[in-house]
1. Please find, among Arg111, Arg169, the residue that is more than 18 Å from Ser18 (Cβ to Cβ) and in a helix (DSSP H, G or I).
2. How about the stretch 145-161: which of its residues are within 14 Å of the ligand (Cβ to nearest atom), out of contact with any strand residue (DSSP E or B) (no Cβ under 8 Å at 6 or more places or on another chain) and not in a loop (DSSP other than H, G, I, E, B)?
3. Considering the stretch 70-104 alone, what residues qualify as being in a strand (DSSP E or B), among the polar types (S, T, N, Q) and over 27 Å from Leu162 (Cβ atoms)?
4. Mind checking which pairs have a first residue in the stretch 140-153 that is open to solvent by 10 Å² or more (accessible area, probe 1.4 Å) and a second that is within 7 Å of the ligand (Cβ to nearest atom) and of a type in the set (Phe, Trp, Tyr), Cβ under 7 Å, 6 or more apart or different chains?
5. Kindly indicate which of Ile130, Ile115 is buried (at least 20 other Cβ atoms within 10 Å of the Cβ), away from the ligand (no atom under 16 Å from the Cβ) and at pLDDT 95 or above.
6. Taking the stretch 24-50 on its own, how many of its residues are within 15 Å of the ligand (Cβ to nearest atom) and outside any helix (DSSP H, G or I)?
7. Give the number of residues within the stretch 114-144 that are in a loop (DSSP other than H, G, I, E, B) and polar (S, T, N, Q).
8. Which of the residues that make up the stretch 37-54 are surrounded by fewer than 20 Cβ atoms within 10 Å (Cβ to Cβ), within 14 Å of the chain's Cα centre (by Cα) and over 19 Å from Phe151 (Cα atoms)?
Amino acid sequence: MSRQTVKLMGEPNLIEVSTPVVDFGDSLQLLIADLKETMKAEGGVGIAAPQIGCNQRVICLGFEKNERYPDKAAVPFQVLVNPKYEVLSQKQIVDWEGCLSVPGLRGLVARYERIHYRGYNEKGEYVEGIASDFHARIIQHEVDHLNGILFPFRMDNLKHLLFQSVYTRLHTSPLPKAVDS
Ligand code: NI
């Protein structure tokens, strides 16, 4: 396995709809190994196959502690092949999001608070579960990648698109709520 170069916003393949996986053989195992390695090396909390140039419906997520999201609780490590989800509550949470394909920026994005997800693990076994809060946010963000959607496309108001350095300054000062309103 090896770390791959992360594709950046503007690359045509990032706005394509990816293809379902039908073969759980060696090429899928290699793709998953590359996703894991790249996510780890880049310090991401999730990654989707199109981000390393492969338009197959595979995502990888999870972390124990993450420097990019220091205030977030751990999310179990998961590989989801052909992931889908249903929304369990119409309630949405607005929170800051980033993306390895949109480096240096953060934006406020509304995501459903609670979802029921399903898909297949790397062995081709059916998996499902309930995800809420940040875990649910990551799954929604990564599934969006499989549908050619990057987080800025989900933003209601581009006034809430910030450079990471500004975000960090505001969120360690007494003024963080000023940008939320
Ligand atoms: Ni992303």
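1. Details: Arg111 fails: in a helix (DSSP H, G or I).
Step by step, each of Arg111, Arg169 is checked, and only Arg169 is more than 18 Å from Ser18 (Cβ to Cβ) and in a helix (DSSP H, G or I).
2. Passing the criteria: only Phe153.
3. Let us first name the residues in the stretch 70-104 that are in a strand (DSSP E or B), namely 75-87, 92-97.
Checking which are among the polar types (S, T, N, Q) leaves us with 78, 82, 92.
Answer for the stretch 70-104, where residues must be in a strand (DSSP E or B), among the polar types (S, T, N, Q) and over 27 Å from Leu162 (Cβ atoms): Gln78, Asn82.
4. His141/Phe151
5. Working: Ile130 fails: buried (at least 20 other Cβ atoms within 10 Å of the Cβ).
Only one candidate passes the filter, namely Ile115.
6. Qualifying residue count for the region: 6.
7. First, pick out the residues of the stretch 114-144 that are in a loop (DSSP other than H, G, I, E, B): 121-125.
Next, only the ones that are polar (S, T, N, Q) stay: 121.
Looking only at that region, the number is 1.
8. Lys40
The values are calculated or read from the model by the stated rules, or taken from the named source; none is laboratory data. It should be emphasised that the depicted structure is a prediction, and the values quoted were computed from it without experimental measurement. For neighbour counting, all protein chains shown are included, and Cβ atoms are generated from backbone atoms with ideal geometry for every residue, glycine included. These accessible areas exclude ligands, DNA and RNA; they are computed on the full protein's heavy atoms, side chains included. Shrake-Rupley method; radii C 1.70, N 1.55, O 1.52, S 1.80 Å.
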